[in-house]
Every structure is written in structure tokens, then in C-alpha cells.
């Protein structure tokens, strides 16, 4: 079965978002100052194609759960934009914010995975593999960051 333009666009966004998250964590750990913030703009820019995809999916009558996950993904990116780029909060050390933020992140990225698998099984596994790589990179960089803090 051929993948539609909008499904292909969704898969592209899902893959690129996961790659950008990997790059953000690597930049946070080893990159030059400010690089992570610049990559974050690319993450936030994904709101635009996701809104276009959502409108298309609404018009063609995609399943409600897919629409809900798209709204969750878009909402998470808007939340990210508000915290990091509008309010410029350093919230990642505040458990009252970081715990719900992290849960929101994983629900949104679970949506990317679920929709990707519905579109195409092979691409679903590609998105899943890159997502798992992002989890490994996240854990690795957090461990290294904690080790740096304890050595000081």
C-alpha cells in the first residue's frame, strides 16, 4: 500500500523529531554553548507540519485516537515553546514541573510511535529504533552530567 503525502510527512516529522531530541541531549552534554537552544527551534518548528497534518487528517476522517494523539503532540511542543522560549524558565531542576513535563513528553512521543506503526510497520520500527536510541542517549548524558556534578 502506498503511503500518502501527509502520512509520509508525519513519518518524516516523527523521525526528525527523535533525531533532534538526540542532538539536543548530545549538544547539552558536549556541544558548544547555545547549540541545544538552536536545535530546539527546529523542534518547535515541527508544530507547523503537524498542524497541517492534523487538518488533513480531520478532513479525511482519520480515527479519533490518531487526532487526539496529534493534538497531544502539538500541545507538548507548544508547552515546550512556552517554557523554554517564551517564559525562558529553567524548569528542568524543578520536580514540580519536570515530572509532569517528562510524562507529557513520553505520552506525546508514544503518539508518534503509535501513529507511525499504523501508517507503516517498517517505518514504525524505524521510528521506534530512533526513539529507543534517544532514550539511551538521554540516560547516558544524564548519568555523565550527574557524575560531573558529584566530582565538583
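Can you find a residue in segment 117-140 that is modelled with pLDDT under 95, over 20 Å from the mean Cα position of the chain (by Cα) and exposed (fewer than 13 other Cβ atoms within 10 Å of the Cβ)? No, segment 117-140 has no match at all. Is it the case that segment 68-79 has a residue that's touching a helix residue (DSSP H, G or I) at 6+ places or on another chain (Cβ under 8 Å), surrounded by fewer than 15 Cβ atoms within 10 Å (Cβ to Cβ) and in contact (Cβ under 8 Å) with a residue 60 or more places away in the chain? No, the conditions are met nowhere in segment 68-79.
Scanning segment 100-112 for residues that are free of Cβ contacts under 8 Å to residues at least 24 places away in the same chain and either farther than 22 Å from residue 71 by Cβ or buried (at least 16 other Cβ atoms within 10 Å of the Cβ) (or both) turns up just one, 101. Screening residue 125 against (1) free of Cβ contacts under 8 Å to residues at least 40 places away in the same chain; (2) assigned to a helix (DSSP H, G or I); (3) within 20 Å of residue 46 (Cβ to Cβ) leaves a single unmet condition, (3).
Condition first: assigned to a helix (DSSP H, G or I) and closer than 26 Å to residue 6 by Cα. Can you find one or more residues in segment 86-96 that meet it? The answer is no; no qualifying residue exists.
Taking the criterion of being closer than 23 Å to residue 115 by Cβ and without any contact (Cβ under 8 Å) to a residue 12 or more places away in the chain, the residues of segment 16-59 that qualify are 45, 48, 55, 58, 59.
The values are calculated or read from the model by the stated rules, or taken from the named source; none is laboratory data. For clarity, every value in this text was computed on a predicted model and none was experimentally measured. Ideal geometry is used to build each Cβ from the backbone, glycine not excepted, and the neighbour counts take in all protein chains shown.
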